[in-house]
1. Just give me the residues in segment 96-111 being assigned to a loop (DSSP other than H, G, I, E, B) and among the hydroxyl-bearing types (S, T, Y), in sequence order.
2. Would you mind stating whether D234 is loosely packed, with under 11 Cβ neighbours inside 10 Å and either in contact with a helix residue (DSSP H, G or I) (Cβ under 9 Å, 6 or more places away or on another chain) or touching a residue at least 24 places away in the same chain (Cβ under 8 Å) (or both)?
3. Among all residue pairs at least 6 apart or on different chains, which show Cβ distances below 6 Å where the first residue, located in segment 202-216, is in contact (Cβ under 8 Å) with a residue 24 or more places away in the chain and farther than 11 Å from E175 by Cα and the second is of a type in the set (D, E) and in a loop (DSSP other than H, G, I, E, B)?
4. Could you list, in sequence order, the residues of segment 5-23 that are exposed (fewer than 10 other Cβ atoms within 10 Å of the Cβ) and either under 55 Å from the mean Cα position of the chain (by Cα) or among the basic types (K, R) (or both)?
5. State yes or no: is L128 crowded, with 19+ Cβ neighbours inside 10 Å, within 24 Å of H209 (Cα to Cα), modelled with pLDDT of 95 or more and assigned by TED's automatic domain parsing to the domain that holds G62?
6. Here is a check on your reading of the model: is S85 modelled with pLDDT under 90, within 31 Å of the chain's Cα centre (by Cα) and surrounded by 10 or more Cβ atoms within 10 Å (Cβ to Cβ)?
7. Taking the criterion of being part of a loop (DSSP other than H, G, I, E, B) and under 30 Å from Q264 (Cβ atoms), would at least one residue in segment 210-228 satisfy it?
8. From G37, G72, G62, G95, which residue is on the phi > 0 side of the Ramachandran plot, surrounded by 10 or more Cβ atoms within 10 Å (Cβ to Cβ) and not acidic (D, E)?
Amino acid sequence: MEIEIFNNLKSFVAKYIEEIQQSALSLAELDALCSLGEAAAIYNYVKPNISKDIKAIKIVKGRHPVVEQAVGEENFVPNDLELNSEDQRIIILTGPNMSGKSTYLRQNALICIMAQMGSLVPAESAELPIVDKIFTRIGASDDIATGQSTFLVEMNEVSNIINNATSQSLVLLDEVGRGTSTYDGLSLAWAIVEYIANKNKSKTLFATHYHELTALENYLPGVKNFNVTAQEKDDGIVFLHKVVPGGTDKSYGIQVARLAGLPQEIIRRAEEILMQLEEKSFNTNALEISEKKKDLDIKEDRWKDVKKLLEEIEKLDLLNITPLQAISTLDELQKKVRSLKVLG
């Protein structure tokens, strides 16, 4: 009896499957629109100005729609963003871990996506162009099944970005190059920024701990430095989460490790090693300079002796000298040359 009823019901419903599916799609769309509308009303979202004629991304007091709710609206620090096609196309973003660099990257991508899908956005105001693609390289993961390391996965993703991004794309890169040695990673990160600036010309946010990359602002057009502020206080660190112009040369790694609860023995030892490394670096540079100066002084002294030797040769009166005197003089000059090691 139950099976017969079920089969009859199934046959009846099957007649209206297209109508049911269409109704479900309509209800899903209505649900999404209502959710976006409710969120916009509750959390003070604004209508973005979006157009194909706009060339620059200008977001004033943008917020991350999810993180803001997790930490509380009153605790979230909003930040501005401006990316254009001229003097500020690429932002090199530095700052300590936990300062909010990745959140800043993600929130701006989300604002662009929300605006382009027709939603209001979490910001005080937003003026946005239409982007053709949004590329991200954020986070670290490996692929054990195919034998790909974290670094190889990262390079594959960066390769995809480089090969497909256009001047109308938005590119977000977070800590590219950290999966290999310091110099290899820095070199790759540097070259990638140069390539994007010269070839892809995409609007780009590049978060990094390679403070050397801030030098790119000085010679690469369109690159600007920004940093997420932090404040040292009582051997600790306070994250201000504010993005401001300019680079930074501090990562506060040890302070972050202290916040994470690592044993004091490790923290103290890390501080000792850091001081030794910094001192070694300084002494090495000083030694290189000292050795170069010493080498220049030696060469200068030798040149003075050579000049004296040449003056002696110039003063020789070859017309009024005997063969025996000439051989004796030549022997003395040869000895002087050997003592100066000019030929060595």
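1. S99
2. Numbers: loosely packed, with under 11 Cβ neighbours inside 10 Å: yes; either in contact with a helix residue (DSSP H, G or I) (Cβ under 9 Å, 6 or more places away or on another chain) or touching a residue at least 24 places away in the same chain (Cβ under 8 Å) (or both): no.
Here the answer is no, as D234 does not meet what is asked.
3. H211/D249
4. Correct list: K10, K15, I17, E18, E19.
5. It is false that L128 is crowded, with 19+ Cβ neighbours inside 10 Å, within 24 Å of H209 (Cα to Cα), modelled with pLDDT of 95 or more and assigned by TED's automatic domain parsing to the domain that holds G62.
6. It is true that S85 is modelled with pLDDT under 90, within 31 Å of the chain's Cα centre (by Cα) and surrounded by 10 or more Cβ atoms within 10 Å (Cβ to Cβ).
7. Narrowing segment 210-228 to residues part of a loop (DSSP other than H, G, I, E, B): 210, 219-222.
Among the residues that remain, those that are also under 30 Å from Q264 (Cβ atoms) are: 210.
Taking every residue of segment 210-228 in turn, at least one turns out to be part of a loop (DSSP other than H, G, I, E, B) and under 30 Å from Q264 (Cβ atoms).
8. Working: G37 fails: on the phi > 0 side of the Ramachandran plot; G72 fails: surrounded by 10 or more Cβ atoms within 10 Å (Cβ to Cβ); G62 fails: on the phi > 0 side of the Ramachandran plot.
Among G37, G72, G62, G95, only G95 is on the phi > 0 side of the Ramachandran plot, surrounded by 10 or more Cβ atoms within 10 Å (Cβ to Cβ) and not acidic (D, E).
The values are calculated or read from the model by the stated rules, or taken from the named source; none is laboratory data. Predicted model, so just to flag it, every value in this text is computed and none were measured. All Cβ positions, even for glycine, are placed from backbone atoms using ideal geometry, and neighbour counts span all protein chains on display.
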